[in-house]
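Data block below; observations after.
Values in this text are rule-based calculations from the coordinates and carry no lab data. Because the structure is predicted, anything quoted here is derived from the model rather than measured. Every residue, glycine as well, gets a Cβ built from its backbone with ideal geometry; the counts of neighbours run over all protein chains shown.
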Amino acid sequence: MRQQMALGSFIFGLSRNFAYSGIVRVSDGGWADINVVMGKPKSMQAGQKAQTLKISGKSMYAVAMERLDELRVLQALRVPLPMVDGIGTHWGLWRINAVTETQSAVIDDGTALVIDWSVDLSEFIHA
């Protein structure tokens, strides 16, 4: 089965009718500025922060609502999850910070015909 990404037991991809259309990945260099009276701020290395990811897409019908509920079940476990992309690269452990959905074109039984969604993740770093 082809997949874009697996987060723990959850699969993103067309095979599950839940493919993402974009990823925003942010990595921090660990730099901080220290303000100096009567001068320019001084740069200091304060340690690199955890990477963050925002995976987003648009999905249709009740299938999308079910997939988002599956993600919320994983989120409720409150454990870091391994992430592997579709070509087999292991991205390490990640935590689910937020699952966001915007439903539109909702029909009379409460099913959204279109759902814009995003999943916010942070790299899990062992203490």
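Worth pointing out:
- Ordering Tyr20, Tyr61 by the number of other Cβ atoms within 10 Å of each residue's own Cβ, fewest first, gives Tyr61, Tyr20.
- Farthest toward positive dipole pole in segment 55-120 [+1 Lys/Arg, -1 Asp/Glu at C-beta], among Val106, Met65, His90: His90
- Partners of Lys42 within straight-line reach, counting aspartates and glutamates whose Cα lies under 13 Å from its Cα and excluding those fewer than 8 residues away in the same chain: Asp33.
- For the chain, the longest site-free run once trypsin sites (Lys or Arg not before Pro) in DSSP loop states with at most 10 other Cβ atoms within 10 Å are removed: 3-77
- Size of charge dipole - segment 5-123 - debye, nearest 20, with Cβ of Lys, Arg +1 and Asp, Glu -1, no other charges: 540
- Alpha-carbon centroid distance for the pair segment 66-125 / segment 1-40, whole angstrom: 13
- Shape metrics for segment 5-123, restricted to C-alpha atoms - Rg then Dmax, Å: 18.5, 64
- Ordering Phe12, Gln48, Ser118 by Cα displacement along the dipole of the chain toward the positive end leaves Gln48 in first place; charges were set at the Cβ atoms of Lys, Arg (+1) and Asp, Glu (-1).
- Within the straight-line cut-off of under 14 Å between alpha carbons, the aspartates and glutamates reachable from Lys54 are Glu101, Asp116, Asp120, Glu123, sequence neighbours fewer than 8 places apart in one chain being disregarded.
- Rounded to 10°, Cα long-axis angle of helix 61-77 versus longest principal axis of the chain: 50
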